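The values are calculated or read from the model by the stated rules, or taken from the named source; none is laboratory data. Since the structure is predicted, the reported quantities are computational estimates derived from the model, not experimental observations. Every residue, glycine among them, receives a Cβ derived from its backbone with ideal geometry; neighbour counts consider all protein chains shown.
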Amino acid sequence: MNLLKYLLLLVGISSLTAACNKVDLPIPKPVEVAGVCVFPVVDSTAINRDFKKTYVEEFTGHKCITCPANTVLLVQQQEENKDRVIVLSVHAGGFAKVDLPDYPTDFNTGYGTDLFQHFNMATQPIPSAVINRHTFPSFNDLLVYNQATTFWDKPIDEENTNTSTDFGLGLAAEYSEELGNFCIKSSIEVLSTITGNYRILVLCAEDSVIAEQLDARVSEDEYPHKIVTDYMHRHVMRGKLNNDQSINGDPLITGTIEAGTWIDYELNTTMPSNVVTAENTHVIALIVNDDTEEVIQSEEVHVHVK
Amino acid sequence: MKQLKLLTSLFLFFLVAPQALFAQDEGGGVFDGLQIHGNFDVYGQQYNKDSIIGAPIVPEKSGINAFTNLIATKGKFTAGVRIESYIPPVQGFDVRYGNQPIGVPFRYARFAQDGLEVTAGNFYEQFGNGLILRAYEERALGIDNAFDGVRVKYSPYKGVYLKALVGNQRYYWQKSDGIVRAFDSEFQLNELITKLESSPLRVSLGGSIVSKFQAGGNSSLKLPENVTGGAGRFQLNWKDFGLMGEYAYKANDPTKSNHYIYKEGQGIFMSATYSRKGFGVNISAKSIDNMEFRSDREAGLNDLFINYLPALSRQHTYNLAATLYPYATQPNGEVGIQGDLIYKIKRGSKMGGKYGTTIQVNVSLINALNRDYYTNADMDTANALLDQQVYLEADPGRKGYKTNLLNLGDSVYYRDFNIEIDRKFTKHFKLKATYAFQEYNIALIQNKVSPNVVANIAVLEGLHTIGKKHSIRWEAQTLFTDQDQGDWIFGLVEYGYSPHWIVTILNQYNYGNKVEDLRVNYPTAQVTYIQNALRMSIGYGRQRAGIFCVGGVCRNVPAANGLTVAITSSF
């Protein structure tokens, strides 16, 4: 009887001390509603703070017969510098026109055409490339590089040697196929105190798009008129995602900003209608000096499709 | 106001205490049978400017830590107070002790009768090995996580020992926000079961439950306000063998140090011993995961620990081995094993010599616990994502990572192999030789950007006695390493004039430092006087920056140059 009494006492005291709250869901799962973004998490530890990345805009077109051979070289250079080089193929101008029945695919975009005109590409051979939208004194101080100038690989190599940057740029993008929400978040760390006007430009690219392409390298026996109907187009620009009409994107910084400051930029948008496969899309964010129009930092992420 | 009341009470206490003693002598009065005893401990340092060793500039030029315990007993009653003063705290102790120059942070009253003991006020406590609860004072580390509340101990039946407590923990001069409630039971089967009374197999079983409450606050997370942990333990002894073990579990306990994950914590500790005359061996093993248990989820450093995780590394006593690369237990996860062997070679034998030789070998191996993060990222990235406190699709429950207690990681936290040979050569001369090999994860333990330190340490200690009153003890130590501060050498000579005086001179020299300007000598001289329970010492010299650890818990010791005074006594 005594033992029972003590056991009861033991159980009684234990129950007094054993208060515990079990939490299964510390943060409720955000409810997603069409048109309302749940912005993705930017991994702040993975941000590049060591150098300025090399952003290359390649101007091309499906009717450009020499373009595929040059694209191969660019893609190869990017593969060799995966952590540094970002490539965007801009289809614009005469070589990018839709011409039925052989060239039915329309790769043109409004922003691509704006850029084509902005850089006066009509006067340049195609393909041409612009690297971080600035000139290179070591290579005749040009803005646009192609086979008629020093080829673009040299300025790209030079740009890849830089070892500092004023901005750390983090980027994350999520697309909900069901709701149509395309939610992009960028977290920017200011690494040194700077003064000026800066904008953020957000672009959408689609990789591995299968469509026609004129290609000098193939035999006519295999591809009549050298039109490769199942050509894989790489890093195709699908559009500008910012709402601002400026060619340099949305305003980000005006005046002086202290080192150590973090800026969050969120974009609630829709997937461009010309995208064929959402799983193959990427988002590219650029910080552009609005005064010089130079790209001073860039980042690219694969879009997480839900 | 509260402190004023306490000091008034103390004053009255001192006022009546002599009368009580007087009454005792006369053999009558209210205070008949009252006994008062206590102790005091004063440590003071004076600081000179010494930039070459990196000594911090102390505007006050000195620091003093002083403690006085007064304990009064009368029959079944005991009451005590501890007066502490920090004017200001000695360098290396938390500056928050200096928030109040003097005060009474510890006071209690206790009543004991017929197996029942009730303590009101402050008290220390430990359940089992401490895996789930240990409140203790380690003055040398500046640790005091005493409870302030009520504790009841009761033995309702022979062999059954129950403890229950509730209280807040000491947080420097304040109390923690969290309330701790705990219960422990221990069953000594050989006492409980009459038939086992004379059995050579001695069995003890125990179990504990500990719960803390802390309000949720304004976090974006839904925090568990009540967190419970529990532990079960056993101890078996059979003739020369001993085996003990304890397993502890803690429910979801998001804290600042674990990046607010809601994963359960677990820990296991096992120890096996065999000993007979002249030979002893012990093997201990431990694996812990997310077992930092504090009464405040925001607390850091050594503050407000409810539990204690036993160390599996040898507590070295020689200066270079003890203070340059001592291991600190990693409560968020580690796996370790330690072996100790002691063998005494018989006196008079060929190997043992005329007076015998003792050999001691110790090995500690401690590694990380491997973790698989739900976010498929490395530790830093995963923690950064958790720190953003947003909903993570890959880990909606914020469990952080998956592991189990046997999931040994590759990362080496600590290695220590040491051997000590102690031999008395003549009636007047004794020599001890020690060698230690250590590998130490300095990046983890000291936050230094460096690969693991690999150190070889050799020590020779001699003791000469000259007649009955005079003795000379000397130490020669050296530490070789290619990492951190490079090689060190240490020498000490100590003259003892029994029974009162000890004079010590020592120096350590960082001759292998890669930076030539930092190849510095640290000379110190000290005189100690001992008279019964009184011990006073005064020293002057340089103190090297280092780490001081007790039982795997450590504090930084800053460099200093100046005078030191230490006085301890009891009455």
*Any idea which of (1) in contact with a helix residue (DSSP H, G or I) (Cβ under 7 Å, 6 or more places away or on another chain); (2) crowded, with 18+ Cβ neighbours inside 10 Å; (3) among the charged types (D, E, K, R) is the one B:K448 doesn't satisfy?*
(2)
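Using the structure shown, decide if A:N162 is crowded, with 16+ Cβ neighbours inside 10 Å, modelled with pLDDT under 95 and not hydroxyl-bearing (S, T, Y).
Numbers: crowded, with 16+ Cβ neighbours inside 10 Å: no; modelled with pLDDT under 95: yes; not hydroxyl-bearing (S, T, Y): yes.
In short, no.
Yes/no per residue for (1) touching a helix residue (DSSP H, G or I) at 6+ places or on another chain (Cβ under 6 Å); (2) at positive phi:
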residue: B:A164; (1), (2): yes, no
residue: B:Q169; (1), (2): no, no
residue: B:Y172; (1), (2): yes, yes
residue: B:K175; (1), (2): no, no
residue: B:G178; (1), (2): no, no
residue: B:R181; (1), (2): yes, no
residue: B:D184; (1), (2): no, no
residue: B:N190; (1), (2): yes, no
residue: B:L196; (1), (2): yes, no
_Residues being more than 7 Å from chain B (Cβ to nearest Cβ), surrounded by 15 or more Cβ atoms within 10 Å (Cβ to Cβ) and either modelled with pLDDT under 80 or more than 38 Å from the chain's Cα centre (by Cα) (or both) - total across the range A:12-44_ = 1
*asked:* If I filter the range B:268-285 for residues that are touching a residue at least 40 places away in the same chain (Cβ under 8 Å), within 13 Å of chain A (Cβ to nearest Cβ) and surrounded by 15 or more Cβ atoms within 10 Å (Cβ to Cβ), do I get at least one hit?
replied: no
*What residue, among those in the range B:378-410 that are out of contact with any helix residue (DSSP H, G or I) (no Cβ under 7 Å at 6 or more places or on another chain) and part of a helix (DSSP H, G or I), is farthest from B:N290 (Cα to Cα)?*
B:L385
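Which residue out of A:E212, A:E189 is under 30 Å from A:V228 (Cβ atoms) and part of a strand (DSSP E or B)?
Details: A:E189 fails: under 30 Å from A:V228 (Cβ atoms).
From the options A:E212, A:E189, the qualifying one is A:E212.
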*Look through the range B:174-201, keep the residues that are part of a strand (DSSP E or B) and more than 14 Å from every other protein chain (Cβ to nearest Cβ), and return whichever of them is surrounded by the most Cβ atoms within 10 Å (Cβ to Cβ).*
B:S176
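Let's see how each residue does on (1) among the basic types (K, R); (2) away from chain A (no Cβ under 11 Å); (3) farther than 30 Å from B:E84 by Cβ; (4) surrounded by fewer than 16 Cβ atoms within 10 Å (Cβ to Cβ):
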{"position": "B:Y161", "(1), (2), (3), (4)": "no, yes, yes, no"}
{"position": "B:A164", "(1), (2), (3), (4)": "no, no, no, no"}
{"position": "B:Y171", "(1), (2), (3), (4)": "no, yes, no, no"}
{"position": "B:V203", "(1), (2), (3), (4)": "no, yes, yes, no"}
{"position": "B:G206", "(1), (2), (3), (4)": "no, yes, yes, no"}
{"position": "B:L223", "(1), (2), (3), (4)": "no, no, yes, no"}
{"position": "B:W238", "(1), (2), (3), (4)": "no, yes, yes, yes"}
{"position": "B:G245", "(1), (2), (3), (4)": "no, yes, yes, no"}
{"position": "B:A251", "(1), (2), (3), (4)": "no, no, yes, no"}
*When residues of the range B:113-126 are limited to those that are within 24 Å of B:F269 (Cα to Cα) and part of a strand (DSSP E or B), the one nearest to the other protein chains (Cβ to nearest Cβ)*: B:E125
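Those residues that are within 12 Å of chain A (Cβ to nearest Cβ) and not β-branched (V, I, T), I need them from the range B:127-152; list them, please. Before the answer, list the steps.
First, the residues of the range B:127-152 that are within 12 Å of chain A (Cβ to nearest Cβ): B:127, B:132-133, B:152.
Those that are within 12 Å of chain A (Cβ to nearest Cβ) and not β-branched (V, I, T): B:F127, B:L133.
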_Tell me yes or no: at least one residue of the range A:211-221 is surrounded by 22 or more Cβ atoms within 10 Å (Cβ to Cβ), under 20 Å from A:S128 (Cα atoms) and in contact with a Phe, Trp or Tyr (Cβ under 9 Å, 6 or more places away or on another chain)._
yes
*Inside the range A:86-128, can you point out the residues that are farther than 22 Å from A:T149 by Cβ and touching a residue at least 24 places away in the same chain (Cβ under 8 Å)?*
A:K97, A:D99, A:D102, A:Y103, A:P104, A:T105, A:D106, A:F107, A:T109, A:G110, A:Y111, A:D114
*Among the listed residues B:L301, B:L341, B:L309, which satisfies the condition of being surrounded by fewer than 19 Cβ atoms within 10 Å (Cβ to Cβ), under 21 Å from B:Y413 (Cα atoms) and either modelled with pLDDT under 95 or more than 22 Å from the chain's Cα centre (by Cα) (or both)?*
B:L301
*Index of the failed condition, A:S176 passing every other in (1) surrounded by 17 or more Cβ atoms within 10 Å (Cβ to Cβ); (2) in contact (Cβ under 8 Å) with a residue 60 or more places away in the chain; (3) under 24 Å from A:I47 (Cβ atoms)*: (3)
*Which of the residues that make up the range B:455-469 are more than 18 Å from B:A322 (Cβ to Cβ) and part of a strand (DSSP E or B)?*
B:G462, B:L463, B:H464, B:T465, B:I466
*Run B:G115 past the list (1) surrounded by 15 or more Cβ atoms within 10 Å (Cβ to Cβ); (2) farther than 30 Å from B:G541 by Cα; (3) not polar (S, T, N, Q) and report the number of the one that doesn't hold.*
(1)
*Using the structure shown, decide if B:F425 is aromatic (F, W, Y), surrounded by fewer than 17 Cβ atoms within 10 Å (Cβ to Cβ) and at pLDDT 95 or above.*
no
*Residue ID - nearest to the other protein chains (Cβ to nearest Cβ), chosen from residues in the range B:208-221 that are assigned to a strand (DSSP E or B) and under 17 Å from B:K263 (Cα atoms)*: B:S211
*Of the numbered conditions (1) out of contact with any Asp or Glu (no Cβ under 9 Å at 6 or more places or on another chain); (2) surrounded by fewer than 19 Cβ atoms within 10 Å (Cβ to Cβ); (3) of a type in the set (D, E); (4) not in a loop (DSSP other than H, G, I, E, B), A:D291 satisfies every one except a single condition; which is it?*
(4)
*Please give the number of the condition B:E516 fails out of (1) in contact (Cβ under 8 Å) with a residue 12 or more places away in the chain; (2) out of contact with any Phe, Trp or Tyr (no Cβ under 7 Å at 6 or more places or on another chain); (3) within 29 Å of B:A455 (Cα to Cα).*
(1)
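How many of the residues in the range B:360-380 are crowded, with 16+ Cβ neighbours inside 10 Å and within 33 Å of the chain's Cα centre (by Cα)? It would help to see each step written out before you state the result.
Within the range B:360-380, the subset crowded, with 16+ Cβ neighbours inside 10 Å is B:360, B:362-371, B:373-375, B:377.
With within 33 Å of the chain's Cα centre (by Cα) added as a condition, the list becomes B:360, B:362-371, B:373.
So the answer is 12.
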